[in-house]
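Structure first, then comments.
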Amino acid sequence: MYETSHLELFSTILYILLIFLSVIISVMGSMIIITYLTRRTIYVKEEIVKNRNIGIALVLSSFIWTIGRMCIETIRPIMNVWYNTYASGFSLKSVLIFVLGILGSLLIALIIGAIIVFLSMRILMVINKDINEWEEIKRGNTAVALIISITVVVVGMFFESIVSNLVINLFNF
């Protein structure tokens with residue numbers, strides 16, 4: 001068992017690492033999702049850096065935001081349980097089990113975030129049958145990108161608490 005001061009330090013380091021991991025998951029996951037949704041017709045890095053395509057940057061930002069929020073909503077309740085459960089101390093085994101649960105919950109957050117982004121895009125594509133959104137964005141149509149971005153963020157906001165409750169119930173936190 002470790003002392004309480006060590007617990008506070010370890011908990012803070014763990015929380016920072018989880019936030020950093022969430023950022024990586026959000027950025028990488030978002031780039032993969034755009035690549036998948038566009039069937040590899042849009043190269044995100046090239047469009048943003050070389051072509052200075054603001055539309056792609058807006059859509060990527062909304063995907064990162066949505067997946068990032070899903071990750072945060074899984075981390076927050078887990079860390080609350082961590083503080084409450086292990087306030088008196090913890091063992092290496094309990095930490096390893098907890099970390100595995102956290103990694104599983106972040107994977108779930110990424111998957112649910114990707115599904116939400118995908119469904120948001122599909123809803124827009126069904127509603128706007130006459131518009132090829134990705135082609136418009138590639139041409140620099142910022143208005144289309146803005147509508148997609150706002151839709152993805154709003155749909156993601158509706159699902160944040162669902163993700164949190166799902167993780168708590170799945171992993172018995």
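Would you mind working out the magnitude of the charge dipole of the range 4-168 relative to its Cα centre, with +1 at each Lys and Arg C-beta and -1 at each Asp and Glu C-beta, to the nearest 20 Debye?
On the way: 12 positive and 9 negative charges, 61 e Å.
Taking the Cα centre of the range 4-168 as origin, the dipole is about 300 debye.
When each pair of different Cα atoms in the range 22-92 is counted once in the 1/r mean, what is the Kirkwood radius in angstroms, to one decimal?
Details: mean 1/r = 0.0709 Å⁻¹.
Taking every pair of different Cα atoms in the range 22-92, averaging 1/r and inverting gives 14.1 Å.
Which whole number of Å³ per residue matches the convex hull of the alpha-carbon atoms in the range 66-142? Don't jump to the answer; show the numbers that get you there.
Numbers: hull volume 7.9 nm³, N = 77.
Spelled out: Cα convex hull of the range 66-142, divided by residues, is 103 Å³.
Taking R0 as 35 Å, what FRET efficiency do you get between I131 and S161 from their Cβ-Cβ distance, rounded to the nearest 0.05?
Working: r = 32 Å, r/R0 = 0.91.
E between I131 and S161, to the nearest 0.05, is 0.65.
Pairing the Cα long axis of helix 4-37 with the longest principal axis of the chain, what angle in degrees results, from 0 to 90 and rounded to the nearest 10?
20
Which of F159, F118 has the fewest other C-beta atoms within 10 Å, and how do the rest follow up to the most?
On the way: F159 19, F118 14.
Final ranking by Cβ density, sparse to dense: F118, F159.
Going through the range 59-148, which trypsin sites (Lys or Arg not before Pro) have at most 16 other Cβ atoms within 10 Å and a DSSP loop state?
Values: sites: R69, K93, R122, K129, K138, R139; in loops: K129, R139.
Answer by residue number: K129, R139.
Apply the Kirkwood formula to the chain: the hydrodynamic radius equals the inverse of the mean of 1/r over all pairs of different alpha-carbon atoms; give it in Å with one decimal.
Details: mean 1/r = 0.0577 Å⁻¹.
For the chain, the Kirkwood estimate is 17.3 Å.
From the mean inverse distance of alpha carbon pairs (Kirkwood) and the Cα radius of gyration, derive Rg over Rh for the range 127-173.
On the way: Rg = 16.2 Å, Rh = 12.9 Å.
On the Cα set of the range 127-173, Rg over Rh gives 1.26.
No value in this document is a laboratory result; all are computed from the given coordinates. Worth saying up front: this structure is predicted, and the values here are computed from it rather than measured. Please note: Cβ atoms are built from the backbone with ideal geometry, for glycine as well, and neighbour counts cover all protein chains shown.
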